[in-house]
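What follows is a short report on a single structure.
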Amino acid sequence: MPQVRSLEELNAQLASVCERDLQRTLRGKSSSKQILLDEERDQFFRPIPKEEFSSYRVEPTQADALSLVRFDRNSYSVPTKHAYQLITVKATIHEVHLIHEGVEVACHPRCWDKEQTFYDPVHYLALLERKPGGFDHARPLANWDLPVSFGTLRRRLEAEFAGRGTREFIKVLRLLESHSLSALKDAVQHALEIGATSADAVRLILEYRAEQPVDLFCLEGRPHLKSVQIRQTSVLAYQSLLSFNGVV
């Protein structure tokens, strides 16, 4: 039995053994297995397809009341808005992709054990924003390991907004629906530093940092553009347009 540390290493060993075996000449044969294989390939084999073969399993199913999709005796979560909706499972060796009407709505690492349940806490935040009282007891959020700064932010929000503090904190967490945890962590830390801890403030910081800087137009290598002169715009031109239309 070969001793390997990964499937890739096993495949490499098997490929090496097969290549060495091709050099053997079988009893009663005039040439090696490699030469005979090349001759047979030229005469009878079809060419290898240019498209890469996608090895995955597709299965139609439906999300239940808990926004869980059952596949291969395990359950995987989807956003709560997709509860009771038809879901197509596209499962590879390593991942389970959950698709609704042609759009991927969730992706989980594939589990090869049985009777396991996998929640993505972000999938349940929209529901908890409407029912913030269940935030600390929601099973999908159990053992959710968030950065320390998030706990600091929640305490400040609850102190500032009183009963609305938890809902405001959930709004911050919902930014994970469209941004990475590391990006949100940086935005939260900056918000705490400057004392702007509302959900809107965190969102503005996050969106500002995600903006791509505009490249400046360079005239190097464009000498014909250096002679172009652009006159400064005069606001009187707009006044004349208003007069022309009879507004003034």
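With viscosity set to 1.567 mPa s and temperature to 4 °C, compute the Stokes-Einstein D of the range 1-97, Rh being the Kirkwood radius across alpha carbon pairs; µm²/s, no decimals. Before the final figure, lay out the partial values.
Values: Rh = 18.2 Å.
It comes out at roughly 71 µm²/s.
For the chain, what does -39500 (n - 2.57) per DSSP helix run (n ≥ 4), summed and divided by total residues, give at 222 nm, in deg cm²/dmol to the nearest 500? Please report the intermediate quantities before stating the final value.
Numbers: 8 runs with 91 residues, N = 248.
That calculation yields -11000 deg cm²/dmol at 222 nm.
Per residue Cα convex hull volume for the range 57-118, in cubic angstrom?
Details: hull volume 4.3 nm³, N = 62.
Output value, Cα hull per residue: 69 Å³.
Could you grab the Rg to Rh ratio for the range 125-210? Cα atoms only, Kirkwood for Rh. Could you put the intermediate results ahead of the total?
Working: Rg = 12.1 Å, Rh = 12.9 Å.
Here the Rg-to-Rh quotient is 0.93.
Just to be sure I understand the model, the point goes 7 Å from the Cα along the line to the Cβ. What's the resulting residue 23 to residue 83 distance in nm?
Placing both labels 7 Å along Cα→Cβ, they lie 6.5 nm apart.
At 0.36 nm per residue, and after removing the present C-alpha to C-alpha distance, how many nm does the segment from residue 160 to residue 207 gain when stretched out fully?
Working: separation 47, 0.36 × 47 = 16.92 nm, distance 2.35 nm.
Separation in residues times 0.36 nm, less the Cα-Cα distance, equals 14.6 nm.
In the range 70-156, which trypsin sites (Lys or Arg not before Pro) fall in coil by DSSP and have 14 or fewer other Cβ atoms within 10 Å?
On the way: sites: 70, 73, 81, 90, 110, 114, 130, 154, 155, 156; in loops: 73, 110, 114.
Sparse-neighbourhood loop trypsin sites (Lys or Arg not before Pro): 73, 114.
Mind giving me the FRET efficiency for residue 130 and residue 54? R0 is 35 Å, r the Cβ-Cβ distance, nearest 0.05 is fine. All intermediate terms of the calculation are to be shown ahead of the outcome.
Details: r = 39 Å, r/R0 = 1.12.
The formula returns an efficiency of 0.35 here.
At 7 Å along Cα-to-Cβ for each site, give me the label-to-label distance between residue 138 and residue 232 in nm.
5.6 nm
Choose one answer from 210, 12, 106: the residue with the largest mean-square fluctuation in a GNM of the chain with alpha-carbon springs under 10 Å.
12
Below 8 Å, C-alpha to C-alpha, sequence gap of six or more: please give me the relative contact order for the chain in percent. Don't skip to the answer; put the middle values down first.
Values: 244 pairs, mean separation 22.3, N = 248.
Relative contact order for the chain comes out at 9 percent.
So for the pair residue 216, residue 35, with labels modelled 7 Å out along Cα→Cβ, what separation do we get in nm?
7.0 nm
Give me the percent of Cα-Cα pairs in the chain that sit more than 30 Å apart, rounded to a whole number.
Working: 18665 of 30628 pairs.
Cα-Cα pairs of the chain separated by over 30 Å account for 61 percent.
Looking at the chain, which longest stretch skips every one of the GluC sites (Glu not before Pro) that is in a DSSP loop with at most 12 other Cβ atoms within 10 Å, leaving the sites themselves out? Let's see the in-between values first.
Working: sites that count: 51, 52, 101, 115, 211, 220.
That gives 116-210 as the longest site-free run.
At a 10 Å Cβ-Cβ cut-off, how would you order 18, 107, 218, fewest neighbours first?
Working: 18 10, 107 14, 218 7.
Ranked by crowding around the Cβ, least crowded first: 218, 18, 107.
Read-outs: derived from the displayed coordinates by stated rules, not from any lab. Nothing here was measured: the structure is a model prediction, and the numbers come from that model. Positions of Cβ are backbone-derived with ideal geometry, glycine not excepted, and every protein chain shown enters the neighbour counts.
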